[in-house]
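Step one of this worksheet: look at the structure below.
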Amino acid sequence: MRVIGVSEFGGPEALREFDIGEPHAGPGEVRIRVRAAAVNPTDTVARTGVYASRRGDTGPLQVPGMDA
């Protein structure tokens, strides 16, 4: 599956295309097909790393686009 995300926080120039494994729904979860996603101001702030640093979540890949 192709996604646009960041592996290093920063501005719009930090966005890159990544190939990741297909996610599968677990117990109590559902999987939806998304045909379009939007990036809102919250995603823009998340891309800079503000929220991740507060949560201690600085994992290798962050994918913005909460609005589907």
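Throughout, read-outs are computed from the coordinates displayed, never taken from laboratory work. None of the values given here were measured: they were computed from a predicted structure. Backbone-built Cβ (ideal geometry, glycine too); neighbour counts: all protein chains shown.
Per-structure values
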{"read-out": "Segment residue 19-residue 3, length gained on full extension (0.36 nm per residue, minus Cα span)", "value": "5.1 nm"}
{"read-out": "Length-normalised contact order of the chain in % [C-alpha pairs under 8 Å, at least 6 apart]", "value": "41"}
{"read-out": "Square roots of five times the Cα gyration tensor eigenvalues for the chain, Å", "value": "21, 14, 13"}
{"read-out": "Full-extension gain in nm, residue 52 to residue 38, via 0.36 nm per residue minus C-alpha separation", "value": "3.0 nm"}
{"read-out": "Exposed trypsin sites (Lys or Arg not before Pro) absent - longest run of the chain, DSSP non-H/G/I/E/B, at most 10 other C-beta within 10 Å", "value": "36-68"}
